[in-house]
Amino acid sequence: MPDYAFDPPPQPAVPILGEAALFPVRRIYCVGRNYAAHRREMGGDDRNPPFFFAKPADAVAPPGVDVPYPSQTSDLHHEMELVAALGAGGANVPADAALGLVFGYAAGVDLTRRDLQRAYQEKRQPWEASKGFDLAAPISAIRRWSGPPPQGRIRLEVGGKVRQDARLTDMIWSVPEIIAEASKLWRLERGDLIFTGTPEGVGPLERGQEVFGEIEGVGALSFRIV
Ligand code: MN
């Protein structure tokens, strides 16, 4: 061990379904505007391709962790997303080899300070604080997976009421395309999580609300805003 001036921070990690070992998180990448109906509800059009942003690794909120309503917003939004967890790395990975990097999948929520995001967009400033705040990435346990990516329903309920209900096949960029595109920008490594974008139906969360999200065949998560 090197001699650090103080103890290094804890390693962010996510449980793996049915296993004792944890999945150590290296980076969290996210895809923006990857479902056509969500692009339209955000005021976008269908011409520009999806794009990437990131959250800090320690923004991950593993199962069982409640999420404090974040500071500096009065419009906290949910974005229910399929999360690809990588078990291998690579740069400039061709799409037809990209699924070989996948360790498994999880259900995740890309929490967003929507009011800040819109304000930054108007001022043409970076979005960072609207997406990368503490515990902004609640996630289920990771389910190990090989073969074609999940294709079922993706849905989110708030207080028992359905807010988002779509199909993973509605994605603009598929999982292998996302991995291929991301690997042109960064060398991907095992431990990376990729949030693959949200379908339509995003909306506000309030203190005390219970959020439940489920992806068919993958898993479910629930957390409370406190
Ligand atoms: Mn998102």
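The table below gives the values:
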{"item": "Per-region count, the range 22-68, residues β-branched (Val, Ile, Thr) and free of Cβ contacts under 8 Å to residues at least 40 places away in the same chain", "result": "0"}
{"item": "Flag for residue 197 being within 16 Å of the ligand (Cβ to nearest atom), at pLDDT 95 or above, assigned to a loop (DSSP other than H, G, I, E, B) and not hydroxyl-bearing (Ser, Thr, Tyr)", "result": "yes"}
{"item": "Residue match in the range 86-104 (condition: within 14 Å of the ligand (Cβ to nearest atom), out of contact with any Cys (no Cβ under 6 Å at 6 or more places or on another chain) and in contact (Cβ under 8 Å) with a residue 24 or more places away in the chain)", "result": "no"}
{"item": "Residue within the range 172-181 that is part of a strand (DSSP E or B) and not β-branched (Val, Ile, Thr) present", "result": "no"}
{"item": "Tabulated pairs, the range 171-193, first closer than 16 Å to residue 103 by Cα, second basic (Lys, Arg), C-beta under 8 angstrom, 6+ apart or interchain", "result": "189/26; 189/27; 190/26; 191/26; 191/27; 192/26; 192/27; 193/27"}
{"item": "Residue tally, condition buried (at least 22 other Cβ atoms within 10 Å of the Cβ), more than 21 Å from residue 17 (Cβ to Cβ) and within 16 Å of the chain's Cα centre (by Cα), over the range 77-109", "result": "2"}
{"item": "Among the residues listed as 155, 144, the single one being surrounded by fewer than 18 Cβ atoms within 10 Å (Cβ to Cβ) and modelled with pLDDT of 95 or more", "result": "144"}
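To keep it simple, each residue is scored yes or no on (1) more than 11 Å from the ligand (Cβ to nearest atom); (2) out of contact with any Cys (no Cβ under 7 Å at 6 or more places or on another chain); (3) at pLDDT 95 or above.
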site: 38; (1), (2), (3): no, yes, no
site: 42; (1), (2), (3): no, yes, no
site: 55; (1), (2), (3): no, no, yes
site: 62; (1), (2), (3): yes, yes, yes
site: 76; (1), (2), (3): yes, yes, yes
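The values are calculated or read from the model by the stated rules, or taken from the named source; none is laboratory data. No experiment lies behind these values; they were computed from the predicted model shown. Backbone-built Cβ (ideal geometry, glycine too); neighbour counts: all protein chains shown.
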